[in-house]
1. Among the residues that make up region 46-53, is at least one of them of a type in the set (A, V, I, L, M) and within 27 Å of the chain's Cα centre (by Cα)?
2. Is at least one residue of region 358-380 closer than 19 Å to ASN142 by Cα and either assigned to a strand (DSSP E or B) or not aromatic (Phe, Trp, Tyr) (or both)?
3. Take the residues in region 326-347 that are in contact (Cβ under 8 Å) with a residue 40 or more places away in the chain and touching an Asp or Glu at 6+ places or on another chain (Cβ under 9 Å); name whichever of them is nearest to ASP155 (Cα to Cα).
4. If you go through region 322-347, how many residues are farther than 22 Å from GLU55 by Cβ and either surrounded by fewer than 14 Cβ atoms within 10 Å (Cβ to Cβ) or touching a Phe, Trp or Tyr at 6+ places or on another chain (Cβ under 9 Å) (or both)?
5. Report, by residue number, each residue of region 241-280 that is open to solvent by less than 10 Å² (accessible area, probe 1.4 Å), within 16 Å of the ligand (Cβ to nearest atom) and among the hydrophobic types (A, V, I, L, M, F, W, C).
6. List the residue pairs whose Cβ atoms are under 6 Å apart, where the first residue sits in region 115-143 and is more than 20 Å from ARG169 (Cβ to Cβ), the second is open to solvent by less than 40 Å² (accessible area, probe 1.4 Å) and part of a loop (DSSP other than H, G, I, E, B), and the two are 6 or more positions apart or on different chains.
7. Exactly one of these conditions fails for HIS72: (1) buried (at least 16 other Cβ atoms within 10 Å of the Cβ); (2) away from the ligand (no atom under 16 Å from the Cβ). Give me its number.
8. Any residue at all in region 82-92 that's outside any helix (DSSP H, G or I), open to solvent by 20 Å² or more (accessible area, probe 1.4 Å) and either at positive phi or in contact with a helix residue (DSSP H, G or I) (Cβ under 9 Å, 6 or more places away or on another chain) (or both)?
Amino acid sequence: MAGEFFLKTYGCQMNVYESGVVRRILADAGFSETRDESCADLLMMMTCSVRSHAEARALGRLADFRGLRARHPDRLVVVLGCMAQRYKEELVEDARVDLVVGPDEYLRLPELIRQCRAGTRGIVAARLSSECYERVQPEPDNPVSAFVTVMRGCDNYCSYCIVPYVKGRERSRPLSRVLEETRTRVDGGVREITLLGQNVLAYRDGRQGFAELLRAVAQAAGTARVRFLTSHPRDLTDKVLHTMAEMENVCPFLHLPLQSGSNRILELMNRGYTRAEYLRLVERARVLLPGLALTTDIMVAFPGETESDFLDTIDLVQQVRFDSAYTFRFSVRPGTRAAELEPRVSAADSGRRLARLIEVQNRITLELNRAMVGQEYELLIEGPSPRGRGALGRTRSGKVVVLTEPTRPGTLVRARVTQLNGWTPVAQLRTTTNHNPIRPNGLSAGSKTL
Ligand code: SF4
């Protein structure tokens, strides 16, 4: 009997996808998943190292796992992901983890678990390689929308970022495998494909780059929506923008991390663009893609950031008017170049700058959401609304909207936004544009397998 595993996932969408890879590998080896950690044989955690806060949360949760193991010593505590790669033996010695498995070693999980059960506790498997899990079809996370990883790793070495050290060098999955996974997901009933990678724009398979991949995926996806994450501004070409514009099912959405609006800080970050270049890119994208939604990541208090640098960021945020932004304070990641940089911004200044940035962005987001009132949108229904009887849907540009009528997940509707509830646009149904919703088992009503 292989046993039951509990898997907690921290971090980005790449980790969500890789948890699906792990689920598939374990399911193929005869393990089953439980949502109840108190009865799991394997207490597993997919970890994130991007900020110290994420690591602290994972370490706190590990203490719970150890408490559960103390009651049943046969249980194994397993750490996967970025922290496994970063801390290796330290997790065994300091956090008493039984098995530490880095991002490129998941195929070995069943064998490593067997070794642990045979008595070898404290195994560390964390060799970085060119692994892309080409042959693994991950367990789907969501019946309406699926992630498909197209590349892993990063060669950019932004000075604050730990990713190149814990995920390794850039490598792409073969285009044929990406298309195969896309078709399988669409045939299984999903209505939206999100292509994933640390920097999807760095995708390469022989002579095929991201623009060719995007076109091929859009064709393979049929009527399903296609979007992608994350895009490094330096690599966003006109060819990609034209492909987005030409392929009807590619959503007008870009997540384009800005990080800072100061040229001096952008250079210290090794981002490879200036504020003027970023602005030109946004202008170009908006000309080619009417209705484009832009989201971003912005960091305040990078070492040496002055008040004037910070005001440059605020100024650029006001010029671009992002639909939304993930905002952070600089987090020291030992081993990166930025960890050596001085002077550090005080906690008081970094807190004040972050609060100011959030205030500015919130105002812009609210103004953009208010402008949606009275407009009609196509919504893809993702599930029931958390409160009330209605449903949650997403526009093509990625905005979450509450639909007042209960509607099955997977349905495409046209709806008119009538008001905001706080921040959230609320819409009333006009027409249903497909009659092929997701059935509760994840299969579409029109699927041949039914
Ligand atoms: Fe990190 Fe920069 Fe690579 Fe993004 S592009 S994963 S921030 S090194």
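1. Among the residues of region 46-53, at least one is of a type in the set (A, V, I, L, M) and within 27 Å of the chain's Cα centre (by Cα), which makes the answer yes.
2. yes
3. Of everything passing the filter in region 326-347, PHE330 is nearest to ASP155 (Cα to Cα).
4. 4
5. LEU254, LEU256, LEU258, ILE265, LEU266, MET269
6. CYS116/ASP98; ARG121/ASP98; PRO143/GLY442
7. (1)
8. yes
The values are calculated or read from the model by the stated rules, or taken from the named source; none is laboratory data. Note that the structure is a prediction, hence the values are computed from the model and not measured. Positions of Cβ are backbone-derived with ideal geometry, glycine not excepted, and every protein chain shown enters the neighbour counts. Just so you know, the surface numbers come from the protein's heavy atoms only, side chains and all, with ligands and any DNA or RNA stripped out. Shrake-Rupley method; radii C 1.70, N 1.55, O 1.52, S 1.80 Å.
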